[in-house]
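Reviewing the structure listed below.
What follows draws every value from the coordinates through simple rules; no lab data is involved. Keep in mind that what you see is a predicted model, and the values were worked out from it rather than measured. Cβ atoms come from the backbone with ideal geometry, glycine included; neighbour counts cover every protein chain shown.
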Amino acid sequence: MAWFGGFTIETYNRIPGDYEELTAGASVAGFSADKINPETGPYARMSARAVLVSSENGDIRFRIDGGEPSASSGHYLTSGDALVLTGTQAIQQFRAIRSGETDAVLLVTYFY
């Protein structure tokens, strides 16, 4: 069997339901509370159980323990990489900042 790249997204039978684009710049950014726990629309009163995050245009540092990353500390995600976070608490505590001089655009899909 040959390896052609790519990855498998395991979302534990969750429904992809919302999307947003965030900028990770010189200030710490997190996911939008109204996307994690929407109050209106088809996913009202539901909580996001997983997110797919990809970074474009720049690298980031991130933390999911409630602390704030800096440009030189935290987990490192390079431009073009993707990350799947599971668990509402980890999603709520996600914080990101750019690593370097270029702002990153985070593409986020929420699973309910």
- Query: Around G58, what is the net charge, scoring Lys/Arg as +1 and Asp/Glu as -1 over all other residues with Cβ under 14 Å from its Cβ?
  - Reply: -4
- Once amide H atoms are built 1.01 Å from N in the peptide plane, which residues 5 or more positions from G17, or in another chain, come under 5 Å H to H? Y110, F111, Y112
- Task: Please tell me the relative contact order of region 21-105 in percent, rounded to the nearest whole number, where contacts are Cα pairs under 8 Å and at least six residues apart.
- Result: 42 percent
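Report, to one decimal in Å, the Kirkwood hydrodynamic radius for region 16-111 based on all distinct Cα pairs.
Values: mean 1/r = 0.0760 Å⁻¹.
Evaluated over region 16-111, this radius sits at 13.2 Å.
To the nearest 0.05, what FRET efficiency results for D103 and S73 with a Förster distance of 22 Å applied to their C-beta separation? Walk me through the numbers before you get to the answer.
Values: r = 18 Å, r/R0 = 0.84.
Approximately 0.75, to the nearest 0.05.
Can you compute the equivalent ellipsoid semi-axes for region 25-67, i.e. the square root of 5 times each eigenvalue of the Cα gyration tensor, sorted largest first and rounded to whole Å?
Details: eigenvalues 118, 29, 21 Å².
Those come to 24, 12, 10 Å.
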- Please work out how much length the chain gains when fully extended from Q89 to D65, using 0.36 nm per residue of separation minus the C-alpha to C-alpha distance, in nm with one decimal. 7.7 nm
- Amide H contacts under 5 Å for S99, placed H, 5+ residues apart: D59, I60, R61
- Note on the structure: With +1 at each Lys and Arg Cβ and -1 at each Asp and Glu Cβ, the charge dipole magnitude of region 16-111 around its Cα centre, to the nearest 20 debye, comes out at 300 debye
- In order through region 74-82: 3J(HN,Hα) via Karplus (6.51 cos²θ - 1.76 cosθ + 1.60), integer Hz, x for Gly, Pro: x, 5, 9, 10, 8, 4, x, 7, 10
